[in-house]
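**Q** This structure is in structure tokens; I'll ask about it shortly.
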Amino acid sequence: MAWLALGLLEKGREVRLGSVLCPPEIEALLPPREEPETLLREGKTVILPVPTMGKNGGLRLPEGTPPLSWERVVELLPEGALVLAGGVPPPQRKAAEERGLCLIDLLERPELMELSAIATAEGAVALAMKELCTTLFGTPCMVVGYGRCGSALARRLGALGAEVTATARRPEQLARIYADGFTPCPTARLAEKAGSCGVIFNTVPAQVLGEKELEALRPGTVLIELASEPGGIDRKTAARLHVPWIAAPGLPGKVAPRTAGEQLLAVVTALLEEREE
């Protein structure tokens, strides 16, 4: 978010900052922080954290920052304000609309989804390499879901010499997996293949790794959750079966914050320019 703010400033936009953590190298280039509630009261165009929602229905804010509930955010914002957010659940979105706010979910923009898949895939590969005691070369890997993120990840794994199986539900997606040079697997038959994999990456934000699938995993399998909440892993079953897994949502901002900020900048700038025409 700090890199996004810097990019907006460099484009001549007026920027005021609330609870934003800044890298030391750009701290001096950004305006001083202000109280979030003050900014919300006076905001006609407000960019909330991306992803927006933290724990207990509040904003995702830096550690040590006073919590701010979604209800309070909606209450403070002036009617008609443009609110740019990311990953806002339907109940919170409805509350914003009822307040007369114009809420745009950036994480639903196809152009940002395409760009974010790059950093997510690179970050997932780096995480797997860190966790494995072997090379990815020759390692059987499974990518659950073959959307933007899944396909980007499969390509990078394949380039490193991994043996890639990818799952999908629809016949056309399975055909695409085959055409891209990977082994297709219907999601319904995931458990049959999971036991032979050294690494499994989930990109599906709905439960696909349940009891049958988790029981099939061999000891030492690296299981990485890339999907947003609620994710695709049955967490209670994983705990009961003592199956470890790694939560890794929001990788673009963690592994490549500058790139993530520049990607947000491109999307936000286009949106603002569209509204100003």
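**Q** Which of the residues that make up region 14-26 are open to solvent by 60 Å² or more (accessible area, probe 1.4 Å) and touching a residue at least 12 places away in the same chain (Cβ under 8 Å)?
**A** The answer is ARG16, LEU21.
**Q** Moving to a separate point now. Restricting the search to region 127-148, which residues are hydrophobic (A, V, I, L, M, F, W, C), open to solvent by 30 Å² or more (accessible area, probe 1.4 Å) and in contact with a Leu (Cβ under 9 Å, 6 or more places away or on another chain)?
**A** Passing the criteria: LEU127, MET129, PHE137.
**Q** Applying the selection to region 80-116, what residues are more than 15 Å from VAL50 (Cα to Cα), hydrophobic (A, V, I, L, M, F, W, C) and part of a helix (DSSP H, G or I)?
**A** Once the filter is applied, which keeps residues that are more than 15 Å from VAL50 (Cα to Cα), hydrophobic (A, V, I, L, M, F, W, C) and part of a helix (DSSP H, G or I), region 80-116 yields ALA95, ALA96.
**Q** What residue, of ARG218, ARG169, is in contact with a helix residue (DSSP H, G or I) (Cβ under 7 Å, 6 or more places away or on another chain) and of a type outside the set (A, V, I, L, M)? Can you show your working first?
**A** Numbers: ARG218 fails: in contact with a helix residue (DSSP H, G or I) (Cβ under 7 Å, 6 or more places away or on another chain).
The match here is ARG169.
**Q** Does any residue of region 257-275 turn out to be in contact with a Gly (Cβ under 7 Å, 6 or more places away or on another chain), in a loop (DSSP other than H, G, I, E, B) and either open to solvent by 10 Å² or more (accessible area, probe 1.4 Å) or under 20 Å from THR167 (Cβ atoms) (or both)?
**A** no
**Q** Right, something else. At least 1 residues that are free of Cβ contacts under 8 Å to residues at least 40 places away in the same chain and of a type in the set (Gly, Ala, Ser) in each: list the strands (runs of 3 or more DSSP E) lying fully within region 159-242 that qualify. Don't jump to the end; show me each part of the working.
**A** Working: elements: 163-168, 183-186, 199-202, 222-225.
Because the criterion is at least 1 residues that are free of Cβ contacts under 8 Å to residues at least 40 places away in the same chain and of a type in the set (Gly, Ala, Ser), the strands (runs of 3 or more DSSP E) in region 159-242 that meet it are 163-168.
**Q** Tally the residues that are assigned to a loop (DSSP other than H, G, I, E, B) and either touching an Asp or Glu at 6+ places or on another chain (Cβ under 8 Å) or crowded, with 17+ Cβ neighbours inside 10 Å (or both), restricting the search to region 31-59.
**A** Count: 6.
**Q** Would you say ARG156 is surrounded by 16 or more Cβ atoms within 10 Å (Cβ to Cβ) and in a helix (DSSP H, G or I)?
**A** yes
**Q** I'd like the full set of residues that are among the small types (Gly, Ala, Ser) and touching an Asp or Glu at 6+ places or on another chain (Cβ under 8 Å), limited to region 222-269.
**A** Listed by number, the residues that qualify are GLY231, GLY232, ALA247, ALA248, ALA256, ALA266.
**Q** Here's something else I'd like to know. Just to be sure I understand, how many residues within region 60-79 are part of a loop (DSSP other than H, G, I, E, B) and either on the phi < 0 side of the Ramachandran plot or at pLDDT 95 or above (or both)? So that I can check it myself, show each step before the final result.
**A** From region 60-79, those part of a loop (DSSP other than H, G, I, E, B) are 60-68, 77-79; that's our starting set.
Next, from what is left, pick out any that are either on the phi < 0 side of the Ramachandran plot or at pLDDT 95 or above (or both): 60-63, 65-68, 77-79.
Looking only at that region, the number is 11.
**Q** Further, regarding this structure: Starting from region 250-277, keep only residues that are under 16 Å from GLU14 (Cα atoms), then list their pairs with residues that are open to solvent by less than 50 Å² (accessible area, probe 1.4 Å) whose Cβ atoms are within a distance under 6 Å, requiring at least 6 positions of separation or different chains.
**A** LEU265/LEU4; LEU265/GLY7
**Q** Between a first residue in region 84-105 that is closer than 20 Å to MET1 by Cβ and a second residue that is open to solvent by less than 40 Å² (accessible area, probe 1.4 Å) and of a type in the set (Asp, Glu), which pairs have beta carbons less than 9 Å apart while being 6 or more apart in sequence or on different chains?
**A** LEU84/ASP105; ALA85/ASP105; GLY86/ASP105; GLY87/ASP105; VAL88/ASP105
The values are calculated or read from the model by the stated rules, or taken from the named source; none is laboratory data. Everything numeric here is computed off the predicted structure, so don't read it as measured data. All Cβ positions, even for glycine, are placed from backbone atoms using ideal geometry, and neighbour counts span all protein chains on display. What goes into the accessible areas is simple: the full protein's heavy atoms, side chains included, and nothing from ligands, DNA or RNA. Shrake-Rupley method; radii C 1.70, N 1.55, O 1.52, S 1.80 Å.
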